[in-house]
Amino acid sequence: MRLSNGFDASASALTAQRLRMDVISSNIANAETTRGKYVNGKYEPYQRKMVVLQPTSDSFADILNGQMSGASGASPGVKATRIIEDQTPAKLVYDPSHPDADENGYVKMPNVDVLKEMVDMISASRSYEANITALNATKGMFVKALEIGK
Amino acid sequence: MNLLNGPEFSRLQGAINAAEMRQRVISNNIANVDTPKFKRSEVLFESLLEQNMGSGNSQFIGRRTNARHIPIGQSSSIPDAKVITDETSVMNNDVNNVDIDREMSLLAKNQLNYNYYVQQLNHDIKMMRIGIEGRA
């Protein structure tokens, strides 16, 4: 049944938004982590992570199939293709007593801006809600369709 | 015999199919609200149907021997719903043009339309049943 594709789109978006939420949680949790990675005998601070989103129907095969079958409109949905690290430089904070301070007393702190993460978090949770609404709407229509001819 | 294949029925069928397709397209738009460079799509059906049916009840009906002929007067064929992508507008910094408020209202509208079509279809079927059984 074609209607179920609406479910697929919303479900893939729920997965993607949940992943965004997880990544944001990880960023906030590690906002003070100075030992994120161990590189060449030195600790590097945690780097902020971001999710890359992409429509599911971007591949050549999908577009070709859509055109060949005459069904206008590509197969719906969204997917998270990868998680990338924010390359902005680490914040330097003067704290000579910190165990990871360098010889000048500066500590490299993660490039996580908690304020930015909170904004992203609200955005992710609102998108999640919107997709739940869309899913419920599709479900309602499906149930209504079952009433045809009753 | 034309019990369930009349113009009323095929029009409703076309409308229900279009509403299903629109639901899919709007779900897709909402799913991609955070995708950079995504462009929203929409479904054209009602305007195409209106074009097909012609304006007013003209008595003069042109005969079409080819699908590419311009229909004159009322034509009974139901157009296929079309998906078009809106490439022109920009909503925010990431060149995405999904306006979530608009999509949510379109979603609600589409759901109500769908329910209305199904109800109308059920009504037609009920009328037919009354006709067949000869009692209300």
| task | Residue by residue through region B:22-47, note down the ones that are of a type in the set (Lys, Arg), in contact (Cβ under 8 Å) with a residue 60 or more places away in the chain and either in contact with a Phe, Trp or Tyr (Cβ under 6 Å, 6 or more places away or on another chain) or assigned to a helix (DSSP H, G or I) (or both). | result | B:Arg22
| remark: Taking region A:123-145 and keeping residues of a type in the set (A, V, I, L, M) and either open to solvent by less than 40 Å² (accessible area, probe 1.4 Å) or under 20 Å from B:Val98 (Cα atoms) (or both) leaves A:Ala124, A:Ala130, A:Ile132, A:Ala134, A:Leu135, A:Ala137, A:Met141, A:Ala145
| message | Suppose we keep only residues that are within 7 Å of another protein chain (Cβ to nearest Cβ) and under 25 Å from B:Met127 (Cβ atoms) within region A:139-149. Which one would you say is modelled with the lowest pLDDT? | response | A:Gly149
| request: Look through region A:127-138, keep the residues that are without any contact (Cβ under 8 Å) to a residue 12 or more places away in the chain and more than 8 Å from chain B (Cβ to nearest Cβ), and return whichever of them is nearest to A:Val78 (Cα to Cα). | output: A:Glu129
| said: Of the conditions (1) loosely packed, with under 15 Cβ neighbours inside 10 Å; (2) under 23 Å from B:Ser47 (Cβ atoms); (3) at the interface with chain A (Cβ under 10 Å from one of its Cβ atoms), B:Glu103 satisfies every one except a single condition; which number is it? | reply: (1)
| When residues of region A:84-122 are filtered for being open to solvent by 50 Å² or more (accessible area, probe 1.4 Å) and charged (D, E, K, R), how many remain? | 8
| Which pairs have Cβ atoms under 6 Å, sit 6 or more apart or on different chains, and link a residue in region A:5-21 that is facing chain B (nearest Cβ under 7 Å) to one that is outside any helix (DSSP H, G or I)? | A:Asn5/A:Pro76; A:Ala9/A:Pro76; A:Ala9/A:Gly77; A:Ser12/A:Gly77; A:Ser12/A:Val78; A:Ala13/A:Val78
| said: Of all residues being more than 8 Å from chain A (Cβ to nearest Cβ) and out of contact with any helix residue (DSSP H, G or I) (no Cβ under 9 Å at 6 or more places or on another chain) in region B:117-131, which is farthest from A:Asn136 (Cα to Cα)? Just the residue, please. | reply: B:Gly131
| field | Subset of region A:51-64 [at pLDDT 70 or above and surrounded by fewer than 16 Cβ atoms within 10 Å (Cβ to Cβ)] | value | A:Val52, A:Phe60, A:Ala61, A:Leu64
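The values are calculated or read from the model by the stated rules, or taken from the named source; none is laboratory data. It should be emphasised that the depicted structure is a prediction, and the values quoted were computed from it without experimental measurement. All Cβ positions, even for glycine, are placed from backbone atoms using ideal geometry, and neighbour counts span all protein chains on display. The area values use the complete protein model at the heavy-atom level, side chains included, leaving out ligands, DNA and RNA. Shrake-Rupley method; radii C 1.70, N 1.55, O 1.52, S 1.80 Å.
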